[in-house]
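Participant: Following this message is one structure expressed as C-alpha cells.
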Amino acid sequence: MLPMSVAQIARVCNGRLADVPDPDSIVSAPVVFDSREATPGSLFVALAGNTGDGHDHAPAAAARGAVAILANRQVGVPAVIVPDVLAAFALLARHLARQLTGTQVVAVTGSAGKTSTKDLIAHLLTVAGPTVATHQSFNNEIGLPVTVTRADATTRYLVLEMGARGVGHIRDLTEIARPDISVVLNVGTAHVGEFGGRQNIAQAKGELIEALPPGGLAVLNADDPLVRAMAPRTLGRIVTFGQRADATVRARDVQLNDFGQPTFTLLTPEGTAPVELQLVGGHHVSNALAAAAVAREAGLTPQQTASLLGQATVQSRWRMEVHELADGVTVINDAYNANPDSMHESLKALAAIGRGRDRRTVAVLGHMNELGADSRSAHEGVGHMVAELGLDQFIAIGGEEAQWMQQAATSAGAAAALHLPDQDTALALLRSTLRTGDVVLVKASRSVQLQQLADKLLQPDAEPAAG
C-alpha cells in the first residue's frame with residue numbers, strides 16, 4: 001500500500017480519529033478485513049456481516065500490529081470513525097488508485113471464466129513488470145478495494161476481476177479503480193435470475209468498457225454476439241479475440257489432448273505460435289486468447305505469450321483442479337461455482353479425458369443457483385448433455401434441481417443416472433463403486449459446498465478403489 005498517515009486516512013474517508021495517540025503514525029501494509037491477517041503497518045476494516053461483526057475483533061487486529069481500525073464506533077484501540085465503513089473503504093481505495101500514476105489497471109468481467117482469465121493475465125504481465133492481481137475471486141465491493149491497497153509505487157500492472165449482481169455494480173467498481181484496459185469475456189446465464197435476462201447482463205458487463213478513457217483498450221470476445229455488440233459503448237480502442245476469422249487475436253486448429261488440455265495455434269497481427277495449455281477444458285482457449293490480447297498490448301511477442309501460456313497452472317482453488325490418486329482414480333474438483341455454460345464445458349472436458357485415456361467417467365453434480373425462470377430448463381439441459389456425451393455414471397446430489405438433472409439424463413438415455421439426497425450418501429456410494437482408472441468430476445454452485453465431497457475423496461484414509 002502507498003504509505004498514508006492515520007490522519008490522512010481520516011481526511012480521505014471523511015472520518016474522525018478516536019484513541020489515536022499519534023495521528024502521524026503510518027499505514028503501509030495492505031488493508032485487511034480478517035483480524036487474523038493483520039500485520040504491523042496494516043489497517044483493519046471492521047465490517048459487520050451475517051456471521052459476525054469485525055468491530056468485535058478490533059483489539060485482536062491491533063495486537064497483531066494493525067496501526068488503526070476503520071470503524072463506525074469506538075473500539076478501544078486506535079480507530080478512524082466513519083458513518084459507513086464500506087463506503088469509507090471505497091473512498092480510501094479510490095484515493096489510492098488515483099495515486100498509482102505509473103500503474104495500468106486491467107479489469108476483467110464476464111459471466112464465466114473471470115478468475116481463470118485474471119490469473120492468466122497476471123501470469124503473462126509479470127514478465128512485463130511488477131503485477132498485483134485479485135486474490136481468488138475477491139471481485140466485489142470488498143475484495144476490489146483490498147486488491148487496490150496491495151499495490152504500491154512499484155506496481156506496473158493492477159489486474160482486477162470485477163463481478164456484478166445487477167446493473168450499476170460494475171460502474172461503481174470502476175469509480176474506485178478506473179480501467180486502462182477492459183476485458184469482457186462473455187454474456188452467459190450466470191445470475192440471470194437476479195439480472196432479469198441476458199440483455200440486462202450485457203448492459204451490466206458493458207459498463208466496464210464505458211469506463212475506459214479515450215485511448216484505453218477494450219478487449220472483446222468476437223465469438224459472443226452480445227459482447228461484440230458492446231463496441232459502440234466505448235471511447236477506447238477495440239481488440240477482439242476468439243475463433244472467428246475476423247478476430248484480432250484468434251485460435252486455429254483447436255484440439256483437446258488425452259488429458260483434456262487444449263492445444264491450438266495462436267494467431268496475432270504480429271505472428272503465430274503453437275500453444276499447449278496445462279489447464280483442463282476447452283473453455284480455457286477463450287480465456288487464453290483474452291489474456292494474449294492483453295499481453296500483446298504490454299509488448300509481449302506471440303512466442304513469449306505462447307510459452308508463458310503453456311507454463312500456466314491453476315492458481316485459484318476448486319477450478320478444474322486435477323488430482324491423480326494413488327489408487328488410480330482421478331478427481332477433477334471444479335466445485336467453486338457453476339452455471340449452464342461452465343457445466344457444459346466441464347462435462348465436455350470430462351468426456352474428452354475419458355475418451356482419450358479409455359477410462360470410465362463419473363459426473364457428480366449439484367444444482368446451479370440464481371437462474372430464475374430458466375432454472376428447470378437449464379438443469380434439464382445439463383442432464384441431456386450428460387446423456388449426449390455418453391458419460392458412464394451420473395450422480396445428482398440435492399433437492400428438486402438435482403432431480404431435474406437426473407430425470408432428464410435418464411429420459412435422454414443416460415446409462416446410469418442416480419439422484420442422491422446429500423453428500424454423505426454420495427461419498428459412501430463413490431467409495432464403494434469407484435474403480436482404478438475412473439475419472440470423477442465434482443461441480444456445483446458455490447452454496448452447495450461440493451468441494452467438501454471432493455476433498456473427502458482425496459483423503460488418504462478413503463477406501464481404495466476396486467480393481
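Since every read-out is calculated from the coordinates, none of them should be taken as a lab result. In this text, all values refer to a predicted model and were calculated from it rather than measured experimentally. As a convention, Cβ positions derive from the backbone with ideal geometry for all residues, glycine included, and neighbour counts pool all protein chains shown.
Participant: Return one number: the angle in degrees, 0 to 90 and rounded to the nearest 10, between the long axis of the Cα atoms of helix 423-433 and the longest principal axis of the Cα atoms of the chain.
Facilitator: That helix lies at roughly 40 degrees to the long axis.
Participant: Still on this structure: Work out the P(r) tail for the chain: percent of alpha carbon pairs separated by more than 44 Å, whole number. Provide the component values of the computation, followed by the final result.
Facilitator: On the way: 18671 of 108811 pairs.
Above the 44 Å cut-off, the chain has 17 percent of its Cα pairs.
Participant: Quick one: which residues, 5+ away or cross-chain, put their amide H under 5 Å from the amide H of ILE238? H built at 1.01 Å from N.
Facilitator: Amide H to amide H, under 5 Å and 5 or more residues apart or across chains, ILE238 pairs with ALA218.
Participant: Most exposed first by the Cβ proxy, i.e. fewest other Cβ within 10 Å, how do GLU270, GLU380 rank?
Facilitator: Working: GLU270 13, GLU380 18.
Ascending number of Cβ neighbours within 10 Å: GLU270, GLU380.
Participant: Rounded to the nearest 500, what is the 222 nm mean residue ellipticity of the chain from helices alone, with -39500 (n - 2.57) per DSSP H run of 4+ residues and division by all residues?
Facilitator: Details: 17 runs with 163 residues, N = 467.
-10000 deg cm²/dmol, from helical runs alone.
Participant: Given a Förster distance of 56 Å, report the FRET efficiency between GLN74 and GLN136 from their Cβ-Cβ distance, rounded to the nearest 0.05. The partial results should precede the final answer.
Facilitator: Values: r = 33 Å, r/R0 = 0.58.
Approximately 0.95, to the nearest 0.05.
Participant: Of VAL322, VAL132, how do they rank once you tally other Cβ atoms within 10 Å and put the fewest first?
Facilitator: Details: VAL322 19, VAL132 24.
The most exposed by this proxy come first: VAL322, VAL132.
Participant: Under a straight-distance cross-link criterion of Cα-Cα below 17 Å, which lysines are reachable from LYS118, leaving out those fewer than 8 residues away in the same chain?
Facilitator: In chain and number order, the partners are LYS205.
Participant: While we're looking at this one, here's another question. Which of ILE332, ASN140, ALA38 sits farthest toward the positive end of the charge dipole of the chain, with +1 on the Cβ of Lys and Arg and -1 on the Cβ of Asp and Glu?
Facilitator: Of the candidates, ASN140 comes out farthest on the positive side.
Participant: If the viscosity is 1.567 mPa s and the temperature 4 °C, what translational diffusion coefficient in µm²/s does Stokes-Einstein give for the range 34-87 when Rh comes from Kirkwood over Cα pairs?
Facilitator: Details: Rh = 10.7 Å.
Approximately 121 µm²/s, per Stokes-Einstein.
Participant: Do you know the relative contact order of the chain, to the nearest whole percent, from alpha carbon pairs under 8 angstrom that are 6+ apart? Write out the running numbers ahead of the final one.
Facilitator: Values: 1132 pairs, mean separation 49.2, N = 467.
Relative contact order, the chain: 11 percent.
Participant: Enter the Cα centre distance for the pair the range 20-91 and the range 146-221, rounded to the nearest angstrom.
Facilitator: Using only Cα atoms, the two centres lie 28 Å from each other.
Participant: Could you name the lysines in cross-link range of LYS348, using Cα to Cα under 19 Å and dropping any fewer than eight places away on the same chain?
Facilitator: The qualifying lysines are LYS443.
Participant: Separate question: Counting Lys +1, Arg +1, Asp -1, Glu -1, what net charge surrounds GLU210 among other residues with beta carbon under 9 Å of its beta carbon? Intermediate values should be presented prior to the final figure.
Facilitator: Details: positive: ARG171, ARG233; negative: GLU207.
Net charge around GLU210: +1.
Participant: Could you calculate the FRET efficiency of GLN403 with ALA60 from 1/(1 + (r/R0)^6), where r is the beta carbon distance between them and R0 is 45 Å, rounded to 0.05? Walk me through the intermediate numbers first.
Facilitator: On the way: r = 45 Å, r/R0 = 1.01.
The formula returns an efficiency of 0.50 here.
Participant: Related question: Using the 10 angstrom Cβ neighbour count as an exposure proxy, how do HIS384, HIS55 rank, fewest first? Please list the in-between numbers first.
Facilitator: Working: HIS384 17, HIS55 20.
The most exposed by this proxy come first: HIS384, HIS55.
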